[in-house]
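S.K.: Take this structure first; my questions come after.
The values are calculated or read from the model by the stated rules, or taken from the named source; none is laboratory data. Note that this is a predicted model, so its numbers are computed, not measured. Here the Cβ positions follow ideal geometry from the backbone for every residue, glycine too, while neighbour counts run over all protein chains shown. For the accessible areas, the whole protein counts, side chains as well, though only heavy atoms, and no ligand, DNA or RNA atoms are used. Shrake-Rupley method; radii C 1.70, N 1.55, O 1.52, S 1.80 Å.
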Amino acid sequence: MSVGMCINVEVQGRKVFCISRAIPTLPFNLEDAARSETEFIKAEQTGEQLVRVGQDTRLNNRVLDIRTPANQGIFRIQYQVGNLFRMFLSSEDFVEIHTPKLIAGASEGGSAVFKLDYKGQPACLAQSPQLHKQMAICGNFGRVFEVGHVFRAEDSFTHRHLCEFTGLDVEMEIKEHYFEVLDILDRLFVHIFDGLNRMCKKELEAVNKQYPFEPLKYLRKTLQITFKEGIEMLKEAGFEADPLGDLNTETERNLGQLVREKYDTDFYILHRYPLAVRPFYTMPCFDDDLYSNSFDVFIRGEEIISGAQRVHDADFLTSRAQECGIDVKTISTYIDSFRCGAPPHGGFGVGLERVVMLFCGLNNIRKTSLFPRDPQRLAP
Ligand code: ATP
Ligand code: AMO
C-alpha cells in the first residue's frame with residue numbers, strides 16, 4: 001500500500017474492504033523470488049537461511065512470478081523491442097503483414113515441425129513466415145515485415161530454444177546487393193538498442209538488480225565479418241572449425257569472445273555462410289557457389305538473427321529444394337508464385353525472446369517468454 005511511502009502523513013482508516021481474496025499461503029514469497037545470486041552468496045557466508053525459488057516452481061506459478069520487479073522489467077523491455085521494430089520499419093516504408101500459421105508443409109525443412117490434421121489433409125504449424133513473406137514480395141509489396149508466432153518441434157531442452165516463440169520478420173526487394181538488407185538490419189538494431197537504453201532505464205535497472213549484467217557493447221556502424229574471416233580468427237586462436245560446415249554453439253561463443261577482444265563489440269554480423277548449411281531458398285554467392293549471400297547476427301556470441309538473399313527463379317528454386325530433400329509438392333504454390341516474375345529480394349528473421357535474453361545478459365530463454373513452451377512444458 002502506498003501509505004508506507006508517506007512517512008510524514010498519518011492516515012486513519014475507517015473501513016477496510018476486501019476486493020479480491022488471496023489464498024492464505026502463496027506458492028512462494030515474492031521477496032524470495034526477487035533475490036539476486038549475490039544475496040545468496042552473502043547469505044552462505046553469514047550462515048543466513050534464504051529460500052531459493054526454482055525455475056519450475058516459478059514457471060508453474062508464472063502469474064505470481066511475473067510480479068517481481070525484474071520480470072516486470074523484462075516484459076516491458078520486450079514490449080519496447082517490438083514497438084521500436086515496428087516504428088523503425090514503418091518509417092522506412094515497410095508494410096506490416098500477417099501470414100497464415102496453418103500451412104501445408106515445412107517452411108524451413110528439417111524435422112522440427114509440428115504436424116496436424118487439417119480437416120483430413122496433412123498440415124503443419126508454420127516454422128516461420130518465410131514462404132509467405134516472400135510471396136508478398138512477389139505480390140509487389142516491395143518491403144514487408146511481420147511480428148508473429150513461430151512453432152518449432154524442438155526435441156532438445158536447451159537454454160535458447162523454445163517450441164513456440166515470437167518471430168520478427170523482414171523481407172524486401174534488393175536493387176543491387178544483399179548489403180541493402182544488412183544496411184536496414186544495422187540501422188534497425190542501433191535504433192532498437194539506443195531506444196532501449198533511452199526509454200527503459202528503470203526496467204534495465206530492475207533486471208540488473210536481480211540478474212547483474214554488463215551493458216551491451218555495440219558500434220554505431222555494426223561490424224560485418226565474412227564466415228571465412230571468422231574461421232581464420234578461430235584457427236589463429238587455436239580452435240577447430242570447418243570452413244564449409246556450420247558453427248556449433250561452443251564455436252559461436254568462442255568467436256563472439258574473439259570478436260569482442262579484437263573489435264570491442266558484443267553485436268556483429270557474420271556473412272557469406274557455406275551454402276551447404278543454409279536453407280534451400282538461399283541464394284548462392286555469384287562468385288563462389290560453395291558460399292551463399294546469407295548471414296547470421298550474434299549478441300554476446302549467440303545467434304539472434306538469420307537471413308539471406310533468396311533464389312527468385314522458380315526452376316532453380318525447385319532444383320535447390322529437391323537437392324535439400326524437400327517434397328516440392330508441399331511448396332508448389334510458393335514455387336509457382338515466382339513464375340509470374342519476381343524481383344531480387346532478401347530478408348531476415350529475428351527471435352524476440354533471444355534478443356531480450358541476450359541484451360539483458362540472461363542465462364535462459366524461459367526468462368523472456370511470458371508463458372514458455374518447451375519440449376516439457378505446455379502449461380500454464
Ligand atoms: P535456428 O535453428 O533457428 O537456425 P539455432 O540457434 O538453433 O537457430 P542453428 O544454426 O540451427 O541455429 O544451430 C546452431 C547450433 O546450435 C547447432 O550447431 C547446434 O550446436 C545448436 N543447436 C541447434 N538446435 C539445437 C537443438 N534443438 N538442441 C541443441 N542444440 C541445438
Ligand atoms: P532461423 O531458423 O535461424 O531462420 O530463425 C530465425 C531466428 O529465430 C530465433 N529462433 C528461435 N528462438 C527461440 N526458440 C527456437 N527454437 C528458435 N529457433 C530460431 C533465432 C533465429 O536467429 N526463415 C529464416 C529467417 C530468414 O531467413 O528470414 C529463419 O526462420 O533468433
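S.K.: Would you check if there is a residue in the stretch 238-255 being within 25 Å of Glu214 (Cβ to Cβ) and β-branched (Val, Ile, Thr)?
M.R.: Yes.
S.K.: Another question about this same structure. Is it true that Gly82 is over 19 Å from Phe348 (Cβ atoms), open to solvent by less than 40 Å² (accessible area, probe 1.4 Å) and more than 16 Å from ligand 1 (Cβ to nearest atom)?
M.R.: no
S.K.: Continuing with this model, one more query. Could you list, in sequence order, the residues of the stretch 83-112 that are modelled with pLDDT under 95, on the phi < 0 side of the Ramachandran plot, within 16 Å of ligand 2 (Cβ to nearest atom) and in a loop (DSSP other than H, G, I, E, B)?
M.R.: Passing the criteria: Gly105, Ala106, Ser107, Glu108, Ser111, Ala112.
A quick yes/no check of all residues on (1) open to solvent by 10 Å² or more (accessible area, probe 1.4 Å); (2) under 27 Å from the mean Cα position of the chain (by Cα); (3) within 14 Å of ligand 2 (Cβ to nearest atom):
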{"residue": "Asp315", "(1), (2), (3)": "yes, no, no"}
{"residue": "Thr318", "(1), (2), (3)": "yes, no, no"}
{"residue": "Lys329", "(1), (2), (3)": "yes, no, no"}
{"residue": "Ser332", "(1), (2), (3)": "yes, no, no"}
{"residue": "Ser337", "(1), (2), (3)": "yes, no, no"}
{"residue": "Ala342", "(1), (2), (3)": "yes, no, no"}
{"residue": "Gly346", "(1), (2), (3)": "no, yes, yes"}
{"residue": "Gly349", "(1), (2), (3)": "yes, yes, yes"}
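S.K.: Only residues that are under 25 Å from Arg339 (Cβ atoms) and within 13 Å of ligand 2 (Cβ to nearest atom): list them for the stretch 113-134, please.
M.R.: Answer for the stretch 113-134, where residues must be under 25 Å from Arg339 (Cβ atoms) and within 13 Å of ligand 2 (Cβ to nearest atom): Ala126, Gln127, Ser128, Pro129, Gln130, Leu131, His132, Lys133, Gln134.
S.K.: Tell me which residues, restricted to the stretch 145-179, are more than 27 Å from Pro380 (Cβ to Cβ), more than 8 Å from ligand 2 (Cβ to nearest atom) and in contact with a Gly (Cβ under 8 Å, 6 or more places away or on another chain).
M.R.: Matches in the stretch 145-179: Met172, Glu173, Ile174, Tyr178.
S.K.: Going by the conditions given, is Cys285 out of contact with any Leu (no Cβ under 7 Å at 6 or more places or on another chain) and modelled with pLDDT under 95?
M.R.: no
S.K.: Would you check if Lys133 is more than 16 Å from ligand 1 (Cβ to nearest atom) and either under 18 Å from the mean Cα position of the chain (by Cα) or not hydrophobic (A, V, I, L, M, F, W, C) (or both)?
M.R.: No: the conditions fail for Lys133.
S.K.: Can you pull out the residues in the stretch 227-259 that are over 15 Å from Glu303 (Cα atoms) and outside any loop (DSSP other than H, G, I, E, B)?
M.R.: Lys228, Glu229, Ile231, Glu232, Met233, Leu234, Lys235, Glu236, Leu258
S.K.: Looking at the stretch 100-114, I want the residues that are over 11 Å from Leu125 (Cα atoms) and have a partner that is open to solvent by 20 Å² or more (accessible area, probe 1.4 Å) and within 13 Å of ligand 1 (Cβ to nearest atom) with Cβ atoms under 7 Å, at least 6 apart or on another chain. Which pairs are those?
M.R.: From the stretch 100-114, the pairs are Glu108/Pro279; Gly109/Pro279.
S.K.: Quick check on this structure: which one of Phe348, Phe338, Phe371 is assigned to a loop (DSSP other than H, G, I, E, B) and either farther than 20 Å from Ile66 by Cα or within 16 Å of ligand 1 (Cβ to nearest atom) (or both)?
M.R.: Phe338
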